[in-house]
Amino acid sequence: MTSSVKLLFIACLAGFLGTPGGCTAQSGKKPTTVATVEPIRTGAEQMNLYLPSLLGKRVGLIVNHTSVIGKTHLVDSLLAKGVTIKTIFAPEHGFRGQATDGEHVANGRDPRSGVPIISLYGANRKPTPAQLDSLDVLLFDIQDVGTRFYTYISTMHYAMEACAENKKSFIVLDRPNPNGSYVDGPILDPRFRSFVGMHPVPILHGLTVGELARMINGEKWLKRPDTASADLLCPLTVVPVKNYTHQLPYTLPVAPSPNLPNQQAILLYPTLCLFEGTVVSVGRGTDKQFQVIGGPKNPKFGAYQFTPVDKPGAMNPPQEGQLCYGMDLSGIDATRQGLTLNYLIDFYKKAVDKDKFFLATNYIHKLYGNDQLPLQLKMGLSEQAIRKTWEPGLSQYKEMRKKYLLYP
């Protein structure tokens with residue numbers, strides 16, 4: 001590491017640089033063209049940029065099965081370099097990424113390294129002062145998929161809040177966003193804030209986790225638990241991805257969760273996740289999770305048939321044991337899918353009992369970000385007409401987003 005880069009990194013951790021939302025360890029010049037031939041290198045791969053800040057420190061890691069350098073887990077890589085890892089914090093789906101969506105994740109111990117594991121999914125979604133007391137630095141390295149309702153970014157938010165409250169350094173090892181070329185969808189209404197939607201951003205926010213962390217800091221979205229005032233600032237450092245732009249296609253080397261098994265599912269996820277607020281199955285409990293859609297007792301939904309069953313990674317899936325009729329999207333070209341409401345509108349029109357199409361829990365409000373979608377479909381609005389209701393919020397967000405971008 002050159003002396004200039006080392007000094008920049010130390011200054012970042014000390015909070016001396018006033019960049020929006022936090023500072024950034026520079027890994028070199030940003031690419032000036034989309035058609036770069038240089039390989040993408042994640043933040044984790046550039047160990048020379050962050051290892052000096054970890055050596056001699058008591059380190060906590062927020063990681064899961066996606067936290068790898070090549071085929072080696074970050075935990076093993078850091079231990080081999082002499083880093084003192086005191087605690088592993090696990091998000092939804094657990095440290096090894098095998099838990100079902102929404103399943104309780106228990107505390108434990110990593111059998112390979114012996115490091116204690118603390119779950120951040122369940123009753124304890126935010127590191128406590130006692131859990132942070134033995135740490136100097138908390139490091140986040142988890143692969144995201146670029147949607148507001150994917151909960152890894154909610155875990156990051158709570159971790160940043162805890163670090164801000166307890167004056168602990170927070171480092172994000174950035175990774176590409178496989179849906180990063182899109183900025184689309186309604187902005188979350190704060191009244192519907194939940195663990196599947198914590199920030200006033202669109203469904204496709206068009207940010208890496210590092211950029212989002214900068215936005216969380218810069219927009220003062222961190223709050224003290226005993227007050228509504230937003231006066232917290234996380235001591236944030238982002239180690240950026242090298243040779244990445246938001247326009248570059250990026251195929252994830254590791255499936256990010258049990259029900260996003262491949263790139264097709266990841267690209268369809270922004271569109272199909274809205275069906276989770278309806279009676280329509282998205283293929284949980286099949287081998288084509290988030291690549292098929294269908295509902296029981298209604299052949300009008302489509303000729304394709306599947307039956308969800310209980311299986312590892314999909315315990316008690318929606319419509320379990322029910323023959324579902326619908327569509328197989330596993331073979332379509334989803335590379336330009338982005339976010340579309342066409343499938344949802346089509347299924348709603350074909351539903352026999354439209355009053356029961358959306359779940360009685362109103363989960364759709366949390367996923368969509370407001371309570372307007374059921375009414376809009378009931379009124380028969382087209383996708384184009386619904387999209388108009390996303391303005392001016394979406395345009396305002398796009399302008400605000402520019403302040404926090406690390407990549408063109």
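The values are calculated or read from the model by the stated rules, or taken from the named source; none is laboratory data. Computed from a prediction, not measured in an experiment: that's the story for all the values here. So basically every Cβ, Gly included, is an ideal-geometry build from the backbone, and we count neighbours across all protein chains shown. We work out accessible area using only protein heavy atoms, side chains counted, and drop any ligands, DNA or RNA first. Shrake-Rupley method; radii C 1.70, N 1.55, O 1.52, S 1.80 Å.
In table form, for the structure just shown:
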{"read-out": "Dimensions (Å) - region 354-408, Cα atoms, principal axes, largest first", "value": "44, 23, 15"}
{"read-out": "Principal semi-axes in Å for region 257-333 [√(5λ), Cα gyration tensor, largest first]", "value": "17, 15, 10"}
{"read-out": "Of 86/311; 167/220; 288/398; 366/403, those spanning more than 23 Å from alpha-carbon to alpha-carbon", "value": "86/311; 288/398; 366/403"}
{"read-out": "Rounded accessible area per residue of the chain, 1.4 Å, Å²", "value": "42"}
{"read-out": "Where the Cα pairs of region 191-275 fall when distances are cut into 10 Å bins, in %", "value": "13, 37, 34, 15, 1"}
{"read-out": "Nearest 10 degrees, 0 to 90: helix 3-14 Cα axis against the chain principal axis", "value": "70"}
{"read-out": "Highest-MSF residue in the chain out of 66, 151, 389 [GNM, Cα springs under 10 Å]", "value": "389"}
{"read-out": "Net length gained if the chain between residue 251 and residue 316 were fully extended (0.36 nm per residue, minus Cα distance)", "value": "20.5 nm"}
{"read-out": "Spin-label model distance (nm) - residue 396 vs residue 233, 7 Å beyond Cα toward Cβ", "value": "2.5"}
{"read-out": "Rg and Dmax [Cα atoms of region 72-210; Å; Rg one decimal, Dmax integer]", "value": "15.5, 46"}
{"read-out": "Sites residue 384 and residue 166, calculated FRET efficiency, Cβ-Cβ separation with R0 41 Å, nearest 0.05", "value": "0.30"}
{"read-out": "Percent antiparallel among DSSP beta bridges (both partners in region 171-316, rounded to 5)", "value": "60"}
{"read-out": "FRET efficiency, 1/(1 + (r/R0)^6) with R0 30 Å, evaluated for residue 340 and residue 220 via beta carbons", "value": "0.35"}
{"read-out": "Calculated diffusion of the chain, Stokes-Einstein form, Kirkwood radius summed over Cα pairs, 37 °C and 0.692 mPa s, µm²/s", "value": "149"}
{"read-out": "Computed [θ] at 222 nm, helices only, for the chain once each DSSP H run of length n ≥ 4 contributes -39500 (n - 2.57)", "value": "-6500 deg cm²/dmol"}
